[in-house]
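Scroll down for the structure; my scribbles are underneath it.
The values are calculated or read from the model by the stated rules, or taken from the named source; none is laboratory data. Owing to the predicted nature of the structure, the values given are computational and were not obtained by experimental measurement. Using ideal geometry, Cβ is built from the backbone for each residue, glycine included, and neighbour counts are taken over all protein chains shown. These accessible areas exclude ligands, DNA and RNA; they are computed on the full protein's heavy atoms, side chains included. Shrake-Rupley method; radii C 1.70, N 1.55, O 1.52, S 1.80 Å.
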Amino acid sequence: MLKRQHLPVAATIALFILMFMMGSFRYTGFFSVQVLFNLLIDNAFLLIVAIGMTFVIISGGIDLSVGSMVALTTMMSAGLLQQGGWPAWAVIPFVLAVGSLFGAAMGALIHYFKIQPFIVTLAGMFLARGLCYVISINTITIDNGFYTKMAQTKISFGDYFISPSVIIALVVLVLAIYIAHYTRFGRSTYAIGGSEQSALLMGLPVARTKIMVYMFSGFCSAMGGVVFTFYMLSGYGLHAVGLELDAIAAAVIGGTLLTGGVGYVFGTFAGVMIYGVIQTLIVFQGTLSSWWTRIIIGILLFAFIVLQRLFTMRSDRKSGSVEKMA
């Protein structure tokens, strides 16, 4: 039998299967391996960003800067490639380092100055978005050979194909699952999200872990920005507007508790796939606006938040009963 904490993830996976089967029965050509691959191709950057967001939410925080960091990564990449003449092998490590340091700086402010993550990351969101326009107020098109090759390359599996961005996203996914469940950093992240005070009493490195959580989120945002740059072949200050909300929604729909301490990286993967299948259903329908994606995600988000709250209340009642018996 499933453990109670696994039920939200199981519900997410079941919902994805149900939606995919509904699309398969309703639309010709929907039931296809390539359609599944396209979900990954179109949402690889979102998956990477949402993985970083999952760690932050598990730790009891939030990161509103991820969308702006994706945009800043595209602008820095485009500027350095097209105007600075940097080679791709130097640009990618540089932007990843900038994203990681940006996240670490926010984590340090949150921990040492005891400021709410919402406020710090909101400031980070404005700062990163503003820096985009310091680089350029216009779109910068990328024609670098490596980037165009990454955008055009198709990795074939018989009659089907995926892009290199999918490989990158899946590698990040596997590494994140390992980090979350099989490393001291991952266990400390869960402990801090459950109760920071208890984590301190247990002697866990709370300061280092919180900074590393936001550093990891910054790294994932920058990596998502690199993948997004492969996808768009341009840098623009208005890229990825609202992406932070999509990442939060994917994590929550995937079973991550907004109060922290509970969550699964694989659940976030399922949440991103649901986001993608909703977009695909709307495309196959052909008569609906793309804003229906937001409407449906909003409805699902409400449903999963209520579901989480019901589980939390049930857990609280059980804890109270145990205390009374003691």
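Go through the residues of the range 239-249 one by one and say whether even a single one is touching a His at 6+ places or on another chain (Cβ under 7 Å) and either of a type in the set (A, V, I, L, M) or outside any helix (DSSP H, G or I) (or both). Working first, answer last.
To start, the set of residues in the range 239-249 that are touching a His at 6+ places or on another chain (Cβ under 7 Å) comprises none.
Within the range 239-249 (the criterion being touching a His at 6+ places or on another chain (Cβ under 7 Å) and either of a type in the set (A, V, I, L, M) or outside any helix (DSSP H, G or I) (or both)), the answer is no, since none of the residues qualifies.
Counting only residues that are closer than 12 Å to F45 by Cβ and among the β-branched types (V, I, T), the range 203-256 holds 3 of them. Within the range 23-37, being of a type outside the set (S, T, N, Q) and over 15 Å from Y275 (Cα atoms) holds for F25, R26, Y27, G29, F30, F31, V33. So, in the range 140-181, of the ones that are of a type in the set (S, T, N, Q) and crowded, with 16+ Cβ neighbours inside 10 Å, which residue ends up farthest from A240 (Cα to Cα)? Among residues in the range 140-181 that are of a type in the set (S, T, N, Q) and crowded, with 16+ Cβ neighbours inside 10 Å, the one farthest from A240 (Cα to Cα) is N144.
For the range 273-282, how many residues are hydrophobic (A, V, I, L, M, F, W, C) and out of contact with any Gly (no Cβ under 8 Å at 6 or more places or on another chain)?
Residues flagged as hydrophobic (A, V, I, L, M, F, W, C) and out of contact with any Gly (no Cβ under 8 Å at 6 or more places or on another chain) within the range 273-282 amount to 4.
A search for C-beta distances below 6 Å between a residue of the range 100-118 that is within 20 Å of L258 (Cα to Cα) and in contact (Cβ under 8 Å) with a residue 24 or more places away in the chain and any residue that is small (G, A, S) and not in a helix (DSSP H, G or I), counting only pairs 6+ apart in sequence or on different chains, returns P117/G61. For the range 250-260, the condition holds for no residue, the condition being that it is more than 14 Å from A50 (Cβ to Cβ), out of contact with any strand residue (DSSP E or B) (no Cβ under 8 Å at 6 or more places or on another chain), assigned to a helix (DSSP H, G or I) and at pLDDT below 95. What pairs can you find where one residue is in the range 13-42 and among the hydrophobic types (A, V, I, L, M, F, W, C), the other is open to solvent by 60 Å² or more (accessible area, probe 1.4 Å) and not in a helix (DSSP H, G or I), and their Cβ atoms are less than 6 Å apart, with a gap of 6+ or different chains? Within 6 Å, the pairs are V33/Y160; F37/Y160.
Restricting attention to the range 205-229, the residues that are assigned to a helix (DSSP H, G or I) and open to solvent by 10 Å² or more (accessible area, probe 1.4 Å) total 10.
Could you pull out every one of the helices (runs of 4 or more DSSP H) wholly within the range 1-114 that has 3 or more residues that are open to solvent by less than 30 Å² (accessible area, probe 1.4 Å) and either in contact with an Asp or Glu (Cβ under 9 Å, 6 or more places away or on another chain) or among the small types (G, A, S) (or both)?
Numbers: elements: 7-26, 33-58, 66-78, 88-112.
So the answer is 33-58, 66-78, 88-112.
Could you say which residue among Y231, Y178 is modelled with pLDDT under 95, under 17 Å from the mean Cα position of the chain (by Cα) and not aliphatic (A, V, I, L, M)?
On the way: Y178 fails: modelled with pLDDT under 95.
None of the others qualify; the one that does is Y231.
Picking from residues in the range 261-279 that are open to solvent by 10 Å² or more (accessible area, probe 1.4 Å) and within 30 Å of I140 (Cβ to Cβ), the one that is modelled with the lowest pLDDT is Q279.
Checking the structure you have, find out if any residue of the range 241-260 is under 24 Å from A88 (Cβ atoms), open to solvent by less than 20 Å² (accessible area, probe 1.4 Å) and in contact (Cβ under 8 Å) with a residue 24 or more places away in the chain. Break it down into steps so the answer makes sense when it comes.
Filtering the range 241-260 down to residues under 24 Å from A88 (Cβ atoms) leaves 243.
Subsequent filtering for residues that are open to solvent by less than 20 Å² (accessible area, probe 1.4 Å) retains 243.
When the remaining residues are screened for being in contact (Cβ under 8 Å) with a residue 24 or more places away in the chain, the result is 243.
There is at least one residue in the range 241-260 that is under 24 Å from A88 (Cβ atoms), open to solvent by less than 20 Å² (accessible area, probe 1.4 Å) and in contact (Cβ under 8 Å) with a residue 24 or more places away in the chain.
Of these, I305, I295, I282, which one is touching a helix residue (DSSP H, G or I) at 6+ places or on another chain (Cβ under 8 Å), open to solvent by 60 Å² or more (accessible area, probe 1.4 Å), at pLDDT below 90 and not in a loop (DSSP other than H, G, I, E, B)?
Values: I295 fails: touching a helix residue (DSSP H, G or I) at 6+ places or on another chain (Cβ under 8 Å); I282 fails: open to solvent by 60 Å² or more (accessible area, probe 1.4 Å).
I305 is the lone residue from the list that is touching a helix residue (DSSP H, G or I) at 6+ places or on another chain (Cβ under 8 Å), open to solvent by 60 Å² or more (accessible area, probe 1.4 Å), at pLDDT below 90 and not in a loop (DSSP other than H, G, I, E, B).
Taking the condition part of a loop (DSSP other than H, G, I, E, B) and not hydroxyl-bearing (S, T, Y), does L170 pass?
Numbers: part of a loop (DSSP other than H, G, I, E, B): no; not hydroxyl-bearing (S, T, Y): yes.
When the stated conditions are applied, L170 does not pass them.
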